[in-house]
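Here is the structure we will look at.
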Amino acid sequence: MKYISTRGGMAPQSFSDILLEGLAPDGGLAVPETIPQVAAETLEKWRGLGYAELATEILSLFIDDIPQEDLRRLTAAAYSAEAFPGPKMVPLKPLKGGMSLVGLSEGPTLAFKDMAMQFLGQVFEYVLERRGTTLNILGATSGDTGSAAEYAMRGKRGVTVFMLSPQGRMSAFQRAQMYSLQDDNIHNIALDGVFDDCQDIVKSLAGDLDFKSTYRLGAVNSINWARIAAQVVYYFWGWLRATDQIGAQEVSFCVPSGNFGNILAGHIAREMGLPIRRLVLATNENNVLEEFFRTGVYRPRSAAQTHATSSPSMDISKASNFERFVFDLLGRDPQRLAQVWKGLDTDGQFDLSDLKSEFEGRYGFVSGTSSHADRLETIRKVKEESGVLIDPHTADGVKVAAAYVEPGIPMLVLETALPAKFAETIVEAVGEEPPVPAHLGDLASLPQRVVNLDCEVELVREYIRQHAPA
């Protein structure tokens, strides 16, 4: 299995090479040369596997430069009972109205990002040790990616993390999770801007090839293909659990989406042959992606036009993973893709409405949007009807999913986080504080360590120069 760039300017590389590189040298994103196929008979053979075992089978289709025995050891460590202590690994939680939640928030930071990030922590350390080198990870977070990355990388040999976050744009719990870490290899940098500004700085520094090489910059944002590959696993897991229980061949997934990585993994799973009927994309008031799937026009918004909402991890107007889907939509033609992205740079938008029939017809995508009032109502309704307390982002998913439920087709909504991370909105919705896991009960009282900088690429560059290991 070799990887190429969406923009055509990278020689085919191995998994371990792209794992350490992040953004491709031509500014594009790494994608597999071909999408591996999974036959129906193979799916049936996988029914009895545990989560770590299933992860080994699926990830081995994308990773052929790590011996399978080593990969098995890495997935066993990533998805251990210590990292995911709940009674069941990725349980399905039934809701009313033909929907179920896919429980992805049982990890150390209570968010779905743990599912991929715990594997990344293991595989980064493994590859760096084999190569005798080190890596400085530069990332941006709107809330959950940062803490999941830092908890996965803390104390890992050869890895230092520099995480950019938008000042005042995350919940108090999210800030405390990140900023309370005191590990020497973790650096939190709060910038005076929105998430898209942080992401732009990451891309700018990753695109400076001399700086990237000198300071050995890597990525844990979902521009890193390993994140996507690890997220593909829970689509197969969810399908196996839902069809086990209900006997339906096709299922639909609804995915709250900001950066497009989570639902892109569903797109990859569907392309691999998993019987997915619909991929339902749910956005909040920052509905750039919903607008694209409704109209065919992709029109990212400025920082000033990006709303601060009660589902803050989705307050994103430039979806960094969207390029991978457009690459497929354009017939995997890097020249066409590069032309479209050049138009995006010059015009601030692009129009693919001539391909609109393929969004659902070929790829199964539909979309919808949710508001603050919708979130509050959905959180209240789900608790009253099912006794399940959900977070605001998951509420966006449940609200949008309801419009696309079909008889006989299970609708699986990907849970994004536990409600404890968004207490203010939960109190507004149901009038009571969400429960906090015992091991995080004193989080708010811990000392916090964070550096505040103006939102300027040169300031971040200089901070890395001063603090990256020699």
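The values are calculated or read from the model by the stated rules, or taken from the named source; none is laboratory data. In this text, all values refer to a predicted model and were calculated from it rather than measured experimentally. No Cβ is skipped: glycine too gets one built from the backbone with ideal geometry, and neighbour counts run over all protein chains shown.
Conditions tested, residue by residue: (1) over 30 Å from A470 (Cβ atoms); (2) hydroxyl-bearing (S, T, Y); (3) free of Cβ contacts under 8 Å to residues at least 60 places away in the same chain.
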position: A219; (1), (2), (3): no, no, no
position: A242; (1), (2), (3): yes, no, no
position: S252; (1), (2), (3): yes, yes, no
position: N262; (1), (2), (3): yes, no, no
| In the list E424, E377, E385, which residue meets the criterion of being in a helix (DSSP H, G or I), touching a residue at least 60 places away in the same chain (Cβ under 8 Å) and within 21 Å of S100 (Cβ to Cβ)? | E385
| Test for F162: is it aromatic (F, W, Y), crowded, with 20+ Cβ neighbours inside 10 Å, in contact with a His (Cβ under 7 Å, 6 or more places away or on another chain) and not in a loop (DSSP other than H, G, I, E, B) | yes
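I'd like to check something: does the stretch 94-110 contain any residue that is at positive phi, buried (at least 24 other Cβ atoms within 10 Å of the Cβ) and part of a loop (DSSP other than H, G, I, E, B)?
Here is the first cut: in the stretch 94-110, the residues at positive phi are 97-98, 110.
Imposing the further condition that a residue be buried (at least 24 other Cβ atoms within 10 Å of the Cβ) reduces the set to 110.
Within this subset, residues satisfying the condition of being part of a loop (DSSP other than H, G, I, E, B) are 110.
Within the stretch 94-110, one or more residues are at positive phi, buried (at least 24 other Cβ atoms within 10 Å of the Cβ) and part of a loop (DSSP other than H, G, I, E, B).
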| request: Report the residue count in the stretch 345-371 for those that are surrounded by fewer than 18 Cβ atoms within 10 Å (Cβ to Cβ) and in a helix (DSSP H, G or I). | output: 11
| task | Of the conditions (1) without any contact (Cβ under 8 Å) to a residue 40 or more places away in the chain; (2) surrounded by fewer than 19 Cβ atoms within 10 Å (Cβ to Cβ); (3) touching a Lys or Arg at 6+ places or on another chain (Cβ under 9 Å); (4) not small (G, A, S), Q466 clears all except one; give me its number. | result | (3)
| message | Filter the stretch 429-470 down to the residues that are β-branched (V, I, T) and either outside any helix (DSSP H, G or I) or closer than 22 Å to P166 by Cα (or both) and list them by number. | response | V436, V450, V451, V457, V460, I464
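Tell me, yes or no, whether the stretch 216-224 has at least one residue that is β-branched (V, I, T) and at pLDDT below 90. Walk me through how you get there before you give the answer.
The initial filter retains those residues of the stretch 216-224 that are β-branched (V, I, T), namely 220, 223.
Among the residues that remain, those that are also at pLDDT below 90 are: 220, 223.
Yes, some residue in the stretch 216-224 is β-branched (V, I, T) and at pLDDT below 90.
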| query | Restricted to the stretch 138-159, and to residues that are in contact with a Phe, Trp or Tyr (Cβ under 9 Å, 6 or more places away or on another chain) and assigned to a helix (DSSP H, G or I), which residue is farthest from P392 (Cα to Cα)? | reply | M153
